[in-house]
Amino acid sequence: MKVVKVNLLKNSYSIYIKQNLFDGIASNIKKHNPGNFAVIITSRRVFALYKKNIEKSFANFACNIIVLPDGERAKAKASLFRVLQGVIKADTLNRKIFIVCLGGGTVGDVGGFAASIYKRGIPYFQVPTTLLSQIDASIGGKTAIDLKQAKNILGAFYQPRAVFIDPNFLNTLEEKQIIEGVAEAIKYAVIKNGAFFNFLSANSREIISLKTTSVLKVIDTCVDIKAKIVEADEKEKMGIRTMLNFGHTFAHALEAASKYKKVSHGQAVSLGMLYAAYLSNKLGLCNMNELCQIRDLLKKFGLPVKCKYDPKAIYKAMSYDKKNISGKFRLVLLREIGRVKVVDGISENLIAKTIKEFSAFI
């Protein structure tokens, strides 16, 4: 088992990575002494696939299960209050409640947010089941729900008690879900590790087909990178953690503009990185070759490189972004593969022009 420690001033925790880890999940959770009653939050698809496994793994553990809709619909206000009502119902005098988030990034986001606000904070655990959540969403303590105007607009920094990553969950994913997770892996390579970028390019078929050594390399590398960044800047106050947002300001706007239905998070991140790289080139921060390398790697994995959505709707959604300061945009921009820069004070006109020009350029 690989164990990655996230060392924080308060609330340090470990990330455990091992095949078949879910089989002993209840005993592993008990070692952290979170309480005596688990509220397990999962999605319809995960519950349908793993109902018997969940029941077996938690057979000797007092628990309730709350099943949420699949995908971004799980991060609606209705789902949050459904979780909170379930927690309140389970919370009796003799019970010490904690939450287990078993699913993709949306389940982890809403479950972690519920944990952060119930009684001003109760323990929760992340058990991510998608590649995207295993390498990114389950780590770092960012929790949130969406409103129709903007993605992740209501949220809190709230660290899990532990994260348990079992790569075997990936075997039940469709190929397109694996590919969407790769979008985040490419992001990590672009912002921090040029050698990893080359690895992704050279091993695309093995990663998509879930060859064990290649997939573990992807998980291990991304987890290591994110853990170190979160340690250095837990709540994004120093500008270090901000680099994890490369492409995401544009991506979140794309998701909101499509009403969280027509474009998935992985697809939006793919396009968002190209928007950011295009803007970086316009500002003279990187050369055109860097942009083309990213585009070509995205295409190699079958990720989208052309945007079909209304530029005005995208720009309007971007205006709600949490990272905007005094009417100016704050974005992570590309210097070269493996190195990015946080840039403040980008004008509204330049952002609007970039969005408008992007589709024609690509």
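The values are calculated or read from the model by the stated rules, or taken from the named source; none is laboratory data. Small disclaimer: the values here were computed from a predicted structure and weren't measured. Here the Cβ is made from the backbone with ideal geometry for all residues, glycine too, and neighbour counts use every protein chain on show.
Tell me, which residue of the range 19-51 that is among the charged types (D, E, K, R) and either within 22 Å of L131 (Cα to Cα) or in contact with a Cys (Cβ under 7 Å, 6 or more places away or on another chain) (or both) is surrounded by the fewest Cβ atoms within 10 Å (Cβ to Cβ)?
Of the range 19-51, the ones among the charged types (D, E, K, R) are 23, 30-31, 44-45, 51.
Adding the requirement that they be either within 22 Å of L131 (Cα to Cα) or in contact with a Cys (Cβ under 7 Å, 6 or more places away or on another chain) (or both) leaves 23, 44-45, 51.
Details: D23: 15, R44: 15, R45: 18, K51: 13.
Step by step, filter the range 19-51, then rank; the result is K51.
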Here are some residues: A137, A162, A185, A156. Which one is more than 23 Å from N20 (Cα to Cα) and either crowded, with 20+ Cβ neighbours inside 10 Å or in contact with a helix residue (DSSP H, G or I) (Cβ under 7 Å, 6 or more places away or on another chain) (or both)? A156
Residues in the range 296-311 that are surrounded by 14 or more Cβ atoms within 10 Å (Cβ to Cβ), closer than 29 Å to K259 by Cβ and either modelled with pLDDT under 95 or more than 21 Å from the chain's Cα centre (by Cα) (or both) total 5
Of everything in the range 111-125 that's touching a strand residue (DSSP E or B) at 6+ places or on another chain (Cβ under 6 Å) and crowded, with 24+ Cβ neighbours inside 10 Å, which residue is farthest from N33 (Cα to Cα)? F113
When residues of the range 17-38 are limited to those that are outside any loop (DSSP other than H, G, I, E, B), touching a residue at least 40 places away in the same chain (Cβ under 8 Å) and not aromatic (F, W, Y), the one farthest from I97 (Cα to Cα): I17
When every residue in the range 317-338 that is surrounded by 15 or more Cβ atoms within 10 Å (Cβ to Cβ) and at pLDDT 95 or above is compared, the one nearest to N193 (Cα to Cα) is G338
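Might you let me know whether the range 271-286 holds any residue that is among the polar types (S, T, N, Q), out of contact with any strand residue (DSSP E or B) (no Cβ under 7 Å at 6 or more places or on another chain) and surrounded by fewer than 17 Cβ atoms within 10 Å (Cβ to Cβ)? Quick ask: steps written out before the conclusion?
Just the residues of the range 271-286 that are among the polar types (S, T, N, Q), to begin with: 280-281.
Remaining after also requiring out of contact with any strand residue (DSSP E or B) (no Cβ under 7 Å at 6 or more places or on another chain): 281.
Narrowing further to those that are surrounded by fewer than 17 Cβ atoms within 10 Å (Cβ to Cβ): none.
No, the range 271-286 contains no residue that is among the polar types (S, T, N, Q), out of contact with any strand residue (DSSP E or B) (no Cβ under 7 Å at 6 or more places or on another chain) and surrounded by fewer than 17 Cβ atoms within 10 Å (Cβ to Cβ).
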